[in-house]
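**Student:** My questions all concern the structure below.
The values are calculated or read from the model by the stated rules, or taken from the named source; none is laboratory data. Keep in mind it's a predicted model, so treat the numbers as computed, not measured. For neighbour counting, all protein chains shown are included, and Cβ atoms are generated from backbone atoms with ideal geometry for every residue, glycine included.
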Amino acid sequence: MSLTAKQIAELRTRLVAERARLQADVSTLSPLRDTEASVGDEMDEAESSLEQHEAIGRAERDRTHLTDVEAALAKIEAGTYGVSELSGEPIEYPRLSAVPWARYTAQEQEEIERAARR
């Protein structure tokens, strides 16, 4: 079952809003803090290092997410949105409503995640 024009328009609006949110988050684009500042004792330095490591991880996830959102918007423009990149099967609307940037059907995503855990 293919998506209706109304469904695509609603999902596009959500994707555009998600892109704007990610682009507005400064930590997505630049998670690094000033490393020149004096930190203090070893515990403070260790905590600062941990916070920096976590910020880098969050920023990387956000950048990957932004890439997925932008890819979904490009697919809408190309007329290929809502189709699995793996099988070419349609991605059902309930899945896209939950995850508008989904690249695979729910079953394919489960199989990918199951294989990654092995």
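**Student:** For the stretch 74-118, which positions are in contact with a Lys or Arg (Cβ under 7 Å, 6 or more places away or on another chain) and under 22 Å from ALA17 (Cβ atoms)?
**Tutor:** ILE76, TYR81, PRO100, ALA102
**Student:** So, one more: Residues that are under 27 Å from GLU111 (Cα atoms) and modelled with pLDDT of 95 or more: which helices (runs of 4 or more DSSP H) entirely in the stretch 1-98 hold 3 or more of them?
**Tutor:** Qualifying helices (runs of 4 or more DSSP H): 5-24, 42-78, 93-98.
**Student:** Go through the stretch 99-111 residue by residue and tally those that are part of a helix (DSSP H, G or I) and without any contact (Cβ under 8 Å) to a residue 12 or more places away in the chain.
**Tutor:** Residues flagged as part of a helix (DSSP H, G or I) and without any contact (Cβ under 8 Å) to a residue 12 or more places away in the chain within the stretch 99-111 amount to 4.
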